[in-house]
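Worksheet for the structure shown next.
The values are calculated or read from the model by the stated rules, or taken from the named source; none is laboratory data. The model shown is predicted, which means the values in this text are computed figures rather than measured ones. Quick reminder, even Gly has a Cβ in these numbers, built from the backbone with ideal geometry, and neighbours come from all protein chains shown. Protein only, heavy atoms only, side chains kept; ligands, DNA and RNA dropped before computing areas. Shrake-Rupley method; radii C 1.70, N 1.55, O 1.52, S 1.80 Å.
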Amino acid sequence: MMRAGLTDRDRRALLAIAGQFFVNGVMLASFVARAPQIRDQIGVTLDRFGLLLTVASSIGLVGSAVAGRVVDRFGTRRVLQVGVVVTTATMPLIGAADGPTVWLAAMMAYMLADLFIDISMNLQGSWISARRHSPVMNRLHGVWSLGTVAGGFGAVAANAAGLSPFAHLCLVAVVVGGLLVFITRNLLPTDEETHADAPTVAPATGRARVLPIVLVALAGMFASVGEAVPGDWATFRLTDDFGAPGALGSAAFAALTVGMTLMRFGGDALQVRLGRRGLRRLALALTGVGTVLATLVGTVAAAFVGFTVIGLGVATFMPTLYDEAARLPGRRGAGLGAMTAGTRIAFLGSPVAVGALAATSLSVGDAIAVLTLPALLGLTVVSEWTDRLLRRRAVGAGTAHG
């Protein structure tokens, strides 16, 4: 079925959504890059800081449980507008905190608001993408990656200029606040779901209605493990397993991010050529091969090649999943709420699991492989299962209409 293309309003909305993706990346990278100074400022040890961050992140699970209802009740535009006010206001508080209680409260407010922003901007992005002649979700997530690069370089410049975390994050809040005036004015004013290329599915009740939601939550969990574990531990693979200097370890992480950014800007074109399922299978194959090279082959060169290939593979995981979750039939936002719940479970549990495995006789590479390879298998299974389930329901809908 041909897509009608975008109206002028849609084009402005697409620019606004791209701007929101960029701003989200900038804000996240800005305070993550200042984390060591913030930790010293609030006066906690590294392990306690990690515990506080885990507690702050857990609010996302609470938010995921109600996100679908909130978005369905108030609409994506209003949820985004409220969310960006909260995140912008909490940035200076995160930088100003001089104790763990204030910092934790500010982080929890930020992460809860960010969850609703994440769901709403991906819903609007998916709807606009569906009206284009070619998809755009991978490129939107590529813009987010560019935002993290910009935020990271901004943090480097702020450190070099001697700015405190408070002064730096205040500056970030002022700059992004100006961008958000444009962004929030040009979002889609109403939630118009136009996935013309999505199959019509038969109405579902009971288990048939719940199963796709469960599967998309599992897919979010497995995809997050596949993406986050190699990224979080690439540096340690080089420094701890090979005794490489810190700069070389950082370069391994950079290689992964470069691969990810490149593929995100090329992923939409590949989706047009290969289809959704073909792109997903290519991404899984690349990630599996890259993981074996990076973690189980005992040379630095193989590790670098492997982490680059992992970046190419995982790049389309989350954009594709966000789009597919937005397309699930049922209450608006329910699929994305379930998917984000799965991702947050992975983000909470995987660092602890890798650290515990690496503390045994296993190398860091072994620990990465032990978690990542089964996660890739799990993602393959649940994705294929979801495809078959929706195809069967589409056939049922066609039979009923015939």
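Subtracting the Cα-Cα distance of Ser250 and Thr101 from 0.36 nm times their residue separation leaves 50.5 nm of extension gain. When shorter helices are ignored and each DSSP H run of at least 4 residues is given -39500 (n - 2.57), the per-residue value for the chain at 222 nm works out to -29000 deg cm²/dmol. Semi-axis lengths, largest first, of the ellipsoid equivalent to the stretch 73-183 are 28, 18, 11 Å, with √(5λ) applied to each eigenvalue of the Cα gyration tensor.
The distance between label points at Val300 and Leu362 comes to 2.6 nm (points 7 Å beyond Cα on the Cα→Cβ vector). Ranking Val32, Thr54, Phe22 by how far each Cα lies toward the positive end of the dipole of the stretch 1-73 (charges on Cβ) leaves Phe22 at the top. How high is the FRET efficiency between Phe153 and Thr45 when r is their beta carbon distance and R₀ equals 30 Å, given to the nearest 0.05? The formula returns an efficiency of 0.55 here. Available extension along the chain between Ala89 and Ala269 is 61.0 nm, counting 0.36 nm per residue and deducting the alpha carbon span. Over the stretch 1-140, average the accessible area per residue using a 1.4 Å probe and give it in Å², no decimals. Ligands and nucleic acids excluded, the result is 41 Å² per residue. The phi torsions of the stretch 260-273, fed into the Karplus equation with coefficients 6.51, -1.76 and 1.60 and a -60° offset, translate into couplings of 5, 5, 4, 5, 5, 7, x, x, 5, 5, 5, 5, 4, 6 Hz, rounded to whole numbers, with Gly and Pro shown as x.
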